[in-house]
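This report concerns only the one structure given below.
The values are calculated or read from the model by the stated rules, or taken from the named source; none is laboratory data. Since this is a predicted model, take the numbers as computed values, not measurements. Please note: Cβ atoms are built from the backbone with ideal geometry, for glycine as well, and neighbour counts cover all protein chains shown. What goes into the accessible areas is simple: the full protein's heavy atoms, side chains included, and nothing from ligands, DNA or RNA. Shrake-Rupley method; radii C 1.70, N 1.55, O 1.52, S 1.80 Å.
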Amino acid sequence: MQDIKVAVDAVIFGYFDKKDLQILLIKRKIEPFKGGWALPGGLVLDNENLDDAVKRELYEEAGIKPDFLEQLYTFGNVGRDPRNRVVSIAYLGLVNPSYHDLFADSDAEDAQWFSVNKLPKLAFDHQSIIDTALKRLRTKILFQPIGFNLLNEEFPFSDLENLYKTIIGQEIDRRNFRKKIMSYGLLNETDKLKKEGSGRPGKLFTFNQEKYKELEEAGFYFEIKLA
């Protein structure tokens, strides 16, 4: 009888203001692909459920606890791991890098953020996993306000615009985007201002997570249209 191993891998997206969308990678300390870059993850222990396993691996290998984490897809092609047959349950996660100090441990030699547009050669089938996660993120952010997990607690509206433009990979109609977001009543305006460039200081906002949950339970439907 074939011995099939179960693993978890995590595609953790991060966002630095006005920069490319980032992905967390770890440098492997062990074979196979020793010294190569890979997604954080590893084998599930006998007494672990999947969610606990991926959270453990993320903390052990990079020292982070994601603000948003959900199952993405199952990858189980024959030969995806040269050691033995391994089926991996991949997760998609979001963090604000400014709130997390990376430190590598366990079987990770290093942990770093990389631009999705400048990724190194990756171990296993991790490039395919990232491609799948990026497609999911680009769709999901239009129907669920998960992007706020990538921003600072207080942010100018321009940061939210730049975030959507960066993730989606195309320009957006700024006037319609602002009108749509503000119509939901999910942003709380603070009395603080932030100056950007030579223009007037912009107001800072916070995302009202509690109100969103209440609206969602009442059947509220969040949707952002690009055109």
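Quick check: at a probe of 1.4 Å, how many percent of the accessible area of the chain sits on carbon and sulfur atoms?
C and S fraction of accessible area: 47 percent.
For the chain, take the longest principal axis of its alpha carbons; what is the angle in degrees between that and the long axis of helix 157-168, to the nearest 10 within 0 to 90? It works out to around 40 degrees.
The length gained by stretching the chain between T132 and E171 to full extension, at 0.36 nm per residue less their Cα-Cα distance, is 11.8 nm. With the convex hull drawn around the C-alpha atoms of region 53-99, the volume per residue stands at 89 Å³.
Beyond 14 Å, what percent of the Cα pairs of region 176-227 remain? Value for region 176-227 (Cα pairs over 14 Å): 63 percent. What FRET efficiency do you get for E48 and S98 if R0 is 30 Å and r is their Cβ-Cβ distance, rounded to the nearest 0.05? Computed FRET efficiency for E48 and S98: 0.50. Along the axis of the charge dipole computed for the chain (Cβ charges of +1 for Lys and Arg, -1 for Asp and Glu, origin at the Cα centre), the listed residues N117, V11, I30 are led at the positive end by N117. Heavy atoms of the protein chains alone define the surface here; on that basis the chain has 55 Å² accessible area per residue at 1.4 Å probe size. Against the chain, whose longest principal axis comes from its Cα atoms, helix 50-62 is set at around 90 degrees. R174 sits among other residues whose Cβ lies under 12 Å from its own Cβ, and their net charge, with Lys and Arg +1 and Asp and Glu -1, is +2. At an R0 of 22 angstrom, the distance between the Cβ atoms of E217 and E70 translates into a FRET efficiency of 0.75.
Per-residue packing, averaged as other Cβ atoms within 10 Å, sorts the ranges 53-65, 109-121 into the order 53-65, 109-121, beginning with the highest. Modelled label positions at K140 and V6, each set 7 Å beyond Cα in the direction of Cβ, lie 2.0 nm from each other.
Annotation for region 149-225 versus region 18-80: alpha-carbon center distance of 30 Å.
Work out, in µm²/s and without decimals, the Stokes-Einstein translational diffusion coefficient of region 100-227 at 4 °C, 1.567 mPa s, Rh from Kirkwood over C-alpha pairs.
The calculation lands on 76 µm²/s.
Using DSSP to define loop residues, name the trypsin sites (Lys or Arg not before Pro) in region 157-201 whose beta-carbon has at most 14 other beta-carbon atoms within 10 Å.
Listed in order of number, the matching sites are K195.
Here the calculated FRET efficiency for F16 and D110, from their Cβ-Cβ distance with R0 = 22 Å, stands at 0.75, rounded to the nearest 0.05. With N as its number of residues, region 78-139 has a Cα radius of gyration that, divided by 2.2 N^0.38 Å, comes to 1.30.
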